[in-house]
Amino acid sequence: MDGEADGDLLMTTRVKADPGRRRLIPGGAVCGLVAACAGLAVAELASAAVRPEASPVTAVGGAVVDRTPVGVKEWAVREFGTADKLLLALGIVLVLGAVAVAAGVLAVRHLPAGIALVGCFGLVGAAAALSRPEANWHDALPSLVGAVVSAGVLYLLVGALTRPPAVGAPPGGAWSMDRRGFGRLVGAALVASAGIGYAGRRLGAYGSAGATASRADVVLPEPAVPAPPVPPGAQLRVPGISRFITPDRDFYRVDTALVVPRVDADTWRLRIHGEGVSNPLDIGLRELLARPLVEHDITLCCVSNEVGGPYVGNARWLGVRLADLLREAGVRPPSRGGPADQLVASSVDGMTIGTPVETVMDGRDALLAVGMNGEPLPFAHGFPVRMVVPGLYGYVSACKWLRELRLTTFAAYDAYWVRRSWAQQGPVKTQSRIDTPRPSAEPVEGRVAVAGVAWAQHRGIDRVEVRVDGGPWQEARLGAADGNDTWRQWMWVWEAPPGRHTLEVRATDGTGAVQTGERRGTVPDGATGWHSVAVRVRPGPGRKA
Ligand SMILES: Nc1nc2c(c(=O)[nH]1)N[C@H]1C(S)=C(S)[C@@H](COP(=O)(O)O)O[C@H]1N2
Ligand SMILES: [Mo]
């Protein structure tokens, strides 16, 4: 009984106390959001001074990428492709917005609690920034400074919002005066945030201006060993087939970098050291470019590529033979008694990629690439120097924004992806893809060109076959081979009858091994299975439907 009465009493007092405060909820939300904008803007400016990766949204995004279970990441890559990074940033901004609203609403009830929530969020950003590979203590600064500013703005705005009307003023009039004052404060905070945020962006661009200029200044020397011209028959003339050489702007991009590292070529250096290195090297780009360069066409593909997927591209690379450089450093492959079987490449953004020393030194054109299709590497593809090794997936061979090569063993060290359920060894699996017709295309009955690409880098492609509706395999015509390290185009003319049909493709590599039809996912060492495309063939004009 007593308790009930107590409850009633509490209830009435709360209802009595609430109406004014409840009206403050939208105001509190505005306070929170504006305070968050101010904090983010200041953090942006601070991160331009520290480094772009330290900006809170980027830092949290990077930390999320590092910790995302492999299944979720593969799902995101499958569903959203390269847009997954944008969606991640959007998601973080949404969460941030929700927390900002909560902090604002909390602050109008109990200011210290709201401010504490803002502070917690600043700590989350700082912790995320510090958790990134290559983090430095000052990476925490943008989030911390942002949180302090955000808390200050929240304090001011909430104060203005909840200030009681001046004594003696007519109630209505005073409230509207305060409202106007609050509105002005909000406006001023937003304008200031926009200005500061813009300044941060400009400063960021200024910070990478040196890198941009250094790339413009790179003059790629003529190769000592030029690649022979691509044989004319390598590119089949079938509408809808991939370009034999993938232009840089169309080349797939897979990496963990939420902001593309922009490395200044003038200060870039590469260190080669570790087990069995009798002559450690430390060289700059000028020295690298002074060495004999080779040019070689190599198809690069990603272990995350689904059967039939887009993460494969073919480019003409210019670079230094990695094996020569390693030999100069005194490295011997395990087969010749060397102690290290793993070459760990690391990048300026803290990626680590482990490659078998044996593979790099077995005579293939494993390159420290500086040029891609006749240009210095684009920033997104690893400027100024990256690795490319024919026959291995990118995650075990193709480190971009390279900074260090360390010799060690597979037993002693797991690189970034290996710590995330991917296999230590990643030789490319024989694959083939139907580029045309596209899935659910509706070609007209009669002669339909079925065409695409097949790849088995460093083994080469010897044969491609196509079948319809599980029928007998039919041999496709192959485009000319451009060495063993690139993909090969194929085409087959189909006398297509009307109706729904499924096309399948399989390749045979240069060793005679036929691409397996066993369907396996990308984890841990690359997808297998045959690419299939379902189409509906429309009856020709001469026929009834
Ligand atoms: N620094 C760095 N290098 C990297 C990666 C990365 O995340 N960071 N991803 C690797 C992977 S998984 C692939 S498939 C290739 C892709 O190279 P591309 O983006 O130039 O196509 O880069 C490799 N090199
Ligand atoms: Mo990859």
At R0 = 22 Å, how high is the FRET efficiency between Cys120 and Ala192 if r is their beta carbon distance? Nearest 0.05 is fine. 0.35
Nearest 10, in degrees from 0 to 90: the angle of helix 2-49 to the longest Cα principal axis of the chain is 50
Pro226: net charge of surrounding residues, Cβ under 13 Å, Lys/Arg +1, Asp/Glu -1, itself excluded? -3
Near Ala54, within a Cβ-to-Cβ distance under 11 Å, what is the net charge of the other residues, with Lys and Arg +1 and Asp and Glu -1? -2
Just to confirm the number: angle between the C-alpha axis of helix 84-109 and the first principal axis of the chain, 0 to 90 degrees, nearest 10? 10
So, by mean Cβ neighbours within 10 angstrom, what's the order for 465-475, 104-114, 530-540, 376-386 with the highest one leading? 376-386, 104-114, 530-540, 465-475
Could you tell me how many degrees, from 0 to 90 and to the nearest 10, lie between the Cα long axis of helix 70-80 and the main elongation axis, the longest principal axis, of the Cα atoms of the chain? 90
Measuring from its Cα centre, the chain shows a charge dipole (+1 at each Lys and Arg Cβ, -1 at each Asp and Glu Cβ) which, in debye to the nearest 20, is 1320
nm² value of the averaged projected area, convex hull over the Cα atoms of the chain: 37.4
Which three lengths, in whole Å and largest first, does the stretch 413-545 cover when its Cα atoms are put on their principal axes? 67, 31, 21
Please give the charge dipole size of the stretch 298-446, origin at the Cα centre, charges +1 on K and R Cβ atoms and -1 on D and E Cβ atoms. Round to the nearest 20 debye. 360
Taking the chain and counting helices only, DSSP H stretches of n ≥ 4 at -39,500 (n - 2.57) each over all residues, the nearest-500 ellipticity at 222 nm comes to -12500 deg cm²/dmol
Over the stretch 272-368, consider all pairs of different Cα atoms and compute the Kirkwood hydrodynamic radius from their mean reciprocal separation; express it in Å, one decimal. 15.0
Over the chain, what is the relative contact order in percent, taking alpha-carbon pairs closer than 8 angstrom and at least six residues apart? 13
For the residues Trp401, Trp494, what sequence is obtained by ranking on other C-beta atoms within 10 Å, fewest first? Trp494, Trp401
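None of the figures in this text is laboratory data; all of them are computed from the coordinates on show. Nothing here was measured: the structure is a model prediction, and the numbers come from that model. Because the Cβ atoms are built from the backbone with ideal geometry, glycine has one as well, and the counts that use them run over all protein chains shown.
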